[in-house]
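The values are calculated or read from the model by the stated rules, or taken from the named source; none is laboratory data. These figures come from a predicted structure and were not determined experimentally. Because the Cβ atoms are built from the backbone with ideal geometry, glycine has one as well, and the counts that use them run over all protein chains shown.
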Amino acid sequence: MKAISLQQLRAEAKRQLLQYRRNHSRVYRSNAIRAEGGTMLAWIRAIDSARVYLRVLNPVKERYMCRLFGLESPLPRSQPMRARMVHLSAEMSVSESTLYKWREDILEIVLYAAMEAGVVGLFGIREAGETHPVKEERRVPDDTED
């Protein structure tokens, strides 16, 4: 069984969040990219559904998600993550530890949305199901058939 660790899943979710703007513009550009970007499109939909979920439950956290991962506007390349967190904590009037907890919540919600969309699987169960074809039952001929 090919299992994937939680750290790898979290790293993939973070990578997809950081590439959301670039992937969003690529998906709708050409047919060739759209054809090969099935997983890219699924990740975009998973992130969008996580945003909608957060917008309903906690709009401040959704705004933080957009600002932290640059979902709507580009991230400053010269500014490290730590400096961005300090700036966001001052701007949003919350402690830095709260922002780190929110980031963990956001990553979990995005992972849950990706699992629900079928993009990732935790224990490789989906891949195991695809590699082992289901055997068809042998049909016994019936004497009454013509």
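Would you check which residues across the stretch 40-86 are of a type in the set (D, E, K, R) and not in a loop (DSSP other than H, G, I, E, B) and list them? It would help to see each step written out before you state the result.
Just the residues of the stretch 40-86 that are of a type in the set (D, E, K, R), to begin with: 45, 48, 51, 55, 61-63, 67, 72, 77, 82, 84.
Hits for the stretch 40-86 are Arg45, Asp48, Arg51, Arg55, Lys61, Glu62, Arg63, Arg67, Arg82, Arg84.
In the stretch 11-38, how many residues are under 10 Å from the mean Cα position of the chain (by Cα) and either surrounded by 15 or more Cβ atoms within 10 Å (Cβ to Cβ) or modelled with pLDDT under 80 (or both)? Can you show your working first?
At the first step, the residues of the stretch 11-38 found to be under 10 Å from the mean Cα position of the chain (by Cα) are 12-17, 20.
After this cut, where a residue has to be either surrounded by 15 or more Cβ atoms within 10 Å (Cβ to Cβ) or modelled with pLDDT under 80 (or both) as well, the list is 12-14, 16-17, 20.
Going through the stretch 11-38 one residue at a time, the tally reaches 6.
Would you confirm whether any residue within the stretch 110-119 is over 26 Å from Leu9 (Cβ atoms), modelled with pLDDT of 90 or more and either part of a helix (DSSP H, G or I) or under 22 Å from the mean Cα position of the chain (by Cα) (or both)?
Residues of the stretch 110-119 over 26 Å from Leu9 (Cβ atoms): none.
Checking the stretch 110-119: not a single residue is over 26 Å from Leu9 (Cβ atoms), modelled with pLDDT of 90 or more and either part of a helix (DSSP H, G or I) or under 22 Å from the mean Cα position of the chain (by Cα) (or both).
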